[in-house]
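Asks: Before I ask anything, let me first share the structure, which is written out below as structure tokens.
The values are calculated or read from the model by the stated rules, or taken from the named source; none is laboratory data. Keep in mind that what you see is a predicted model, and the values were worked out from it rather than measured. Neighbour counts run over all protein chains shown; Cβ positions are idealised from the backbone, glycine included.
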Amino acid sequence: MKVISYFTNCLLFLALSTVSFAQNQEQPEKSPSEMASIQADSMQKELKLTDTQSFFIDSILQFNYTAMAAEFDKMKKAGIQSQDNYISVQKKWTQKTEDAFKKVLNEEQFINYLKSTRRYKDYKKRNGLK
């Protein structure tokens with residue numbers, strides 16, 4: 001699905017853009033808030049979300065993307081350059097997002113979300129499902 005590549009790319013882009021020192025960009029970077037809105041719109045179409053679900057998904061993404069970007073910024077200002085540290089933070093926020101989505105999406109939507117982000121096999125493994 002399109003959701004996987006976009007969600008993964010957004011998180012990866014956010015992580016890499018924070019550590020990137022290149023200043024010569026043709027387009028201004030999208031803010032975490034803008035990326036969250038784009039992702040929420042994409043999920044609404046792909047997962048056929050209700051208006052209420054869309055509101056919650058957008059709110060979750062807005063909060064988590066902004067918080068993750070702030071954490072990256074703090075790490076950058078502290079001089080942390082290890083890619084492993086940034087990946088660890090990204091994984092933490094991805095897990096928080098997944099946990100929140102599980103409360104908002106119905107089972108079918110949640111499974112489709114996990115499949116689209118290529119985390120369904122890991123989810124099944126973590127939860128002892130076959």
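Asks: From the list Lys96, Lys115, which residue is of a type in the set (D, E, K, R) and within 21 Å of Ser33 (Cα to Cα)?
Replies: Only one candidate qualifies: Lys96.
Asks: Let me ask something else. So for region 23-37 (the condition being assigned to a loop (DSSP other than H, G, I, E, B) and among the aliphatic types (A, V, I, L, M)), does at least one residue qualify? Let's see the steps before the verdict.
Replies: Within region 23-37, the subset assigned to a loop (DSSP other than H, G, I, E, B) is 23-31.
Cutting the leftovers down to among the aliphatic types (A, V, I, L, M) gives us none.
For region 23-37, residues assigned to a loop (DSSP other than H, G, I, E, B) and among the aliphatic types (A, V, I, L, M): absent.
Asks: Consider Thr18 against the criteria (1) modelled with pLDDT of 70 or more; (2) hydroxyl-bearing (Ser, Thr, Tyr); (3) more than 14 Å from the chain's Cα centre (by Cα): it satisfies all of them except one. Which criterion is unmet?
Replies: With (1) modelled with pLDDT of 70 or more; (2) hydroxyl-bearing (Ser, Thr, Tyr); (3) more than 14 Å from the chain's Cα centre (by Cα) applied to Thr18, the lone miss is (1).
Asks: In region 54-63, what residues are closer than 13 Å to Trp93 by Cβ and buried (at least 19 other Cβ atoms within 10 Å of the Cβ)?
Replies: Matches in region 54-63: Ile60, Leu61.
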